[in-house]
Amino acid sequence: MTITPTPLKDCYIIQPQIFEDERGYFFESFNQRDFEEQTGIRVDFVQDNQSQSSKGVLRGLHFQKGAFAQAKLVRVVKGKVLDVCVDIRKGSPTFGQHFSVVLDDIEHKQLYIPRGFAHGFLVLENDTIFTYKCDNYYNSASESGIIFNDRTLNIDWGMPDSQLIISEKDQNLPLFDTLYM
């Protein structure tokens, strides 16, 4: 697998080596030893999550606070998403900056998102299956987020707001400035 740093500190794109033949394909989706050797980051995943969504569904921007912060390794099993992460670590050289990448079931790229990041994704194809590994358990009391259309972050989701399908909970998330400025 090839691991490439993104413009955000400690955030990486993972591109697996895909082996294809007349039977189909095979790839190693994660190798802890290789990941640690290439990034210097030790991560132990303890929880896997999966969602299925229709085109236009936007989930996020979510994060867990304090002792329940989570690093994530995200990927698409079926379909396509625009994946977005935001560095919310005060003191980080990339604090307040975001990064986006298209993840799909063709290239099988993954995104490693460290603790201290908000994360969200926009579904670009119907019946998309999105999965992610977490290095910490979910805790509802530590759940938080930032509104998807925050003007300070100025994220280009590539789709008009009128076409987005967003939960009521996500529509009422706070602004970045109210949390961090």
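The values are calculated or read from the model by the stated rules, or taken from the named source; none is laboratory data. Quick caveat, the model's predicted, so the values are computed rather than measured. Cβ coordinates were reconstructed from backbone atoms using ideal geometry, including for glycine residues, and neighbour counts include every protein chain displayed.
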Q: Note down all Cβ pairs under 9 Å where the first residue falls in segment 163-178 and is touching a residue at least 24 places away in the same chain (Cβ under 8 Å), the second is acidic (D, E), and they're at least six residues apart or on different chains.
A: L173/D150; P174/D150; L175/D150; F176/D150; D177/D150
Q) If you take just the strands (runs of 3 or more DSSP E) that sit entirely in segment 1-100, which of them hold at least 1 residues that are touching a His at 6+ places or on another chain (Cβ under 9 Å)? A) 12-15, 24-26, 58-64, 72-78, 80-87
Q. Would you pick out the residues in segment 3-40 that are among the small types (G, A, S) and modelled with pLDDT of 95 or more?
A. G40
**Q.** Residues of segment 75-86 classified as surrounded by 23 or more Cβ atoms within 10 Å (Cβ to Cβ) and either over 28 Å from K55 (Cβ atoms) or among the hydrophobic types (A, V, I, L, M, F, W, C) (or both), total
**A.** 5
Q.
Which pairs turn up if I take residues in segment 105-119 that are assigned to a strand (DSSP E or B) and look for partners that are among the aromatic types (F, W, Y) and crowded, with 23+ Cβ neighbours inside 10 Å with beta carbon separation below 6 Å, at least 6 apart in sequence or on another chain?
A. A118/F63
(Q) Can you tell me which condition N149 does not meet? The list is (1) free of Cβ contacts under 8 Å to residues at least 24 places away in the same chain; (2) buried (at least 19 other Cβ atoms within 10 Å of the Cβ); (3) of a type outside the set (F, W, Y), and all the others hold. (A) (2)
Q. Within the bounds of segment 160-169, is there any residue that is in a loop (DSSP other than H, G, I, E, B) and among the small types (G, A, S)?
A. yes
Q. How many residues does segment 65-74 contain that are buried (at least 23 other Cβ atoms within 10 Å of the Cβ) and either among the polar types (S, T, N, Q) or more than 13 Å from the chain's Cα centre (by Cα) (or both)?
A. 1
Q: Within segment 94-101, identify whether any single residue is aromatic (F, W, Y), modelled with pLDDT of 95 or more and touching a helix residue (DSSP H, G or I) at 6+ places or on another chain (Cβ under 6 Å), and answer yes or no.
A: no
